Amino acid sequence: FCAAVALGLAATPALAQGDGCDSGETVIKFSHVVAAQGHPKGEMAEALAKRVNEEMNGKACMQVFPNSQLYDDDKVMEALLLGDVQLAAPSLSKFGAYTAKLNLFDLPFLFTDMNAVDKFLKTPEAESLLTSMSDYGYIGLGYINNGLKQFSADKPLLVPSDAAGLKFRIQTSDVADAMIRALGANAQKLAFNEVYGALQTGVVDGQENSYTNIYTQKFFEVQDGITETNHQLLTYFIVTTQDFLDSLDDETREQFITILNETTDEYNQRSTELNEQAKQKIIDAGGVVRTLTDEQRQQWVDAMKPVWDQFSDKIGQDLIDAAVAAGQ
Ligand code: LMR
């Protein structure tokens, strides 16, 4: 079953049309929502385009559209099936409509640090998730990591009861929704490019994100402060369609995938450093970062971890066990 076929959508051959690519080159448009610099995904996309354009000159040409310039993360999924773009990298929190298995990555306090994430992403279980949306025509080409998430709000948050009654922006994730409700708070799903405005105008009181997003989107400027909870992972699928992969000849496809894997590995090794730099830049710019005592942090764990029970059947206990084992 292929949704593109079911919907009667023909795969559009990606041919250059006076857009900086040479005629005859396969055009690979990569649309994403974050900053091009100071961000693991943004920098990875730029580096990937540079290598494709140098090493595959004459065969392929990549154009990157950062900062939700073309699409938000909902619309980009449709654009992929229509062949309007060939690559996107939404966070794993945004694929719940396609597969419940990817809810795994949203379970609060699943990973203690990024070493555990790296270890898990190399397991056969994580590898198998790359094809978990193939019924819809999508293929994951790999994982690109951002980092662990922190809370921010318009008042200091030190213990979960500080969050009670506040409204937090979340990604389109039912796990995040349950997790916020477990704090006695309210959750509102919003596209990434709407978050700054929603925080600024008080439509929401707080949000949760990685340091690189909090810094590059300037969320810290419209929040009281950030609390270093490290409560949840932010990682992306580099996603394309089976139709696009099938449209490439074997040699082109192999070369492209090799370059993509090498670039992804390189930026996954840099993601922690980029988040640490972003944290420091927030502090240097006058933002407030609050760290928790072990006892305070344990209160967040106790409040949010029970949501695992609501999702474990849908996700599959085997997957959860493999992820937990990676951290031990
Ligand atoms: C968000 O919506 O907060 C993130 O998924 C944005 C991103 O791509 O890092």
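Laid out as a table, the results:
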read-out	value
First in the stretch 112-138 and closer than 21 Å to Ala79 by Cβ, second anywhere and modelled with pLDDT of 95 or more and of a type in the set (Lys, Arg), Cβ under 9 Å, 6 or more apart	Ser132/Lys101
Pair list, Cβ under 6 Å, 6 or more apart: the stretch 199-213 residue modelled with pLDDT of 95 or more, other residue within 8 Å of the ligand (Cβ to nearest atom) and among the polar types (S, T, N, Q)	Ser210/Asn146
Filter result for the condition that a residue is within 13 Å of the ligand (Cβ to nearest atom), of a type outside the set (Gly, Ala, Ser) and in contact with a Pro (Cβ under 9 Å, 6 or more places away or on another chain), over Thr212, Thr216	Thr212
Only listed residue being over 21 Å from Thr263 (Cα atoms) and either among the acidic types (Asp, Glu) or in contact with a helix residue (DSSP H, G or I) (Cβ under 8 Å, 6 or more places away or on another chain) (or both), chosen from Gly147, Gly142, Gly184, Gly165	Gly184
Matching entry among Glu262, Glu254, Glu276 (being in contact with a Phe, Trp or Tyr (Cβ under 8 Å, 6 or more places away or on another chain), within 28 Å of Ala36 (Cβ to Cβ) and more than 16 Å from the ligand (Cβ to nearest atom))	Glu276
Matching residues in the stretch 210-240 - criterion: being within 27 Å of Gln86 (Cβ to Cβ) and either surrounded by fewer than 24 Cβ atoms within 10 Å (Cβ to Cβ) or of a type in the set (S, T, N, Q) (or both)	Ser210, Thr212, Asn213, Thr216, Gln217, Thr235, Val239, Thr240
Candidate set from the stretch 71-80 (those that are surrounded by 19 or more Cβ atoms within 10 Å (Cβ to Cβ) and either assigned to a strand (DSSP E or B) or of a type outside the set (Ser, Thr, Tyr) (or both)); member that is farthest from the ligand (Cβ to nearest atom)	Leu80
Residue satisfying condition, being within 24 Å of Glu125 (Cβ to Cβ) and among the charged types (D, E, K, R), within set Lys75, Lys101	Lys101
Selection within the stretch 210-247 - among the charged types (D, E, K, R), assigned to a loop (DSSP other than H, G, I, E, B), touching a helix residue (DSSP H, G or I) at 6+ places or on another chain (Cβ under 9 Å) and on the phi < 0 side of the Ramachandran plot	Glu228
Residue pairs meeting the criteria (Cβ under 7 Å; at least 6 apart or on separate chains; first touching a residue at least 40 places away in the same chain (Cβ under 8 Å) and assigned to a loop (DSSP other than H, G, I, E, B), in the stretch 22-42; second of a type in the set (A, V, I, L, M) and within 9 Å of the ligand (Cβ to nearest atom))	His32/Ala89
In the stretch 110-132, the residues that are surrounded by 20 or more Cβ atoms within 10 Å (Cβ to Cβ) and part of a loop (DSSP other than H, G, I, E, B)	Leu110, Phe111
Qualifying residues in the stretch 247-259 (those that are in contact with a strand residue (DSSP E or B) (Cβ under 9 Å, 6 or more places away or on another chain) and surrounded by fewer than 21 Cβ atoms within 10 Å (Cβ to Cβ)) - the one nearest to Thr229 (Cα to Cα)	Ile257
Qualifying positions in the stretch 154-204 - closer than 17 Å to Asn103 by Cα and either charged (D, E, K, R) or within 11 Å of the ligand (Cβ to nearest atom) (or both)	Ile170, Gln171, Thr172, Ser173, Asp174, Ala176, Asp177, Arg181, Lys189
Residue list for the stretch 159-184, filter: more than 22 Å from the chain's Cα centre (by Cα) and either in contact (Cβ under 8 Å) with a residue 60 or more places away in the chain or outside any helix (DSSP H, G or I) (or both)	Val159, Pro160, Ala164, Gly165, Leu166, Ala182, Leu183, Gly184
Residue check, Phe30 within 14 Å of the ligand (Cβ to nearest atom), surrounded by fewer than 20 Cβ atoms within 10 Å (Cβ to Cβ) and of a type in the set (Phe, Trp, Tyr)	no
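The values are calculated or read from the model by the stated rules, or taken from the named source; none is laboratory data. Please read these numbers as outputs of a predicted model, since none were measured by experiment. Cβ: placed from backbone, ideal geometry, glycine included. Neighbour counts: every protein chain shown.
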